[in-house]
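The values are calculated or read from the model by the stated rules, or taken from the named source; none is laboratory data. Bear in mind the structure is a predicted one, so any value in this text is a computation, not a measurement. Here the Cβ is made from the backbone with ideal geometry for all residues, glycine too, and neighbour counts use every protein chain on show.
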Amino acid sequence: MLFWFAASVIGAAQPLSVTTTVSRTTVAVNQQIVFTVELSGQGASKIGQPELPDMGGYLTFLGSGGTSQNISVVNGKMTASKTFTFYYVAAKTGTFTIPPVKVTYKNKLYQSKPITITITQSPTETRKQGGSSEKLYVRAIVSKKSVYQNEPVIVTYRIYAAVTVTGYSMAKLPETTGFWVEDVEMPQQPQVK
């Protein structure tokens, strides 16, 4: 009887779903956007990295943010998901639709929904037009927005500058109470003249 129940739960589960998200749907030229592909369902753990869609010259690939995988069993029901993170930079202005990500599992095609993004002019130009004198800012980027206890989270600091930077360091980092923090040694930065 118990075996039959487990088989019916597994049989009722969806084989695979593909979901894509972006960190924002409006971005300025030269700003970064995070593109996330999530596979969930029975086949999620069996699929490798999906093929990325053609970004039509609107987004330029910067690199992969890695892969995270989650498998849990609650009340006899198993759920699995795998998330891939990719970083892009906006390359030209316009409205662009990111095509669906397509994955084949057991000879069946699964795909995400397309995402429409708008790319505006450079943020430097926007700040100049608005009268602001902001020429340098730092952005903190986290690898995951939702984590479990003891799951690692990577925080990356990016410096955006409209001025020459000859050296830098972080004077004060944010409070990390309740987290185990490990600094990563940075290579010597070249001097810009």
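One table, with the values for the structure above:
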| item | result |
| --- | --- |
| Residues satisfying the stated conditions in region 15-29, i.e. assigned to a strand (DSSP E or B) and closer than 18 Å to PRO99 by Cβ | SER17, VAL18, THR19, THR20, THR21, VAL22, VAL27 |
| Meets criteria (among the small types (Gly, Ala, Ser) and at pLDDT 90 or above) for GLY94 | yes |
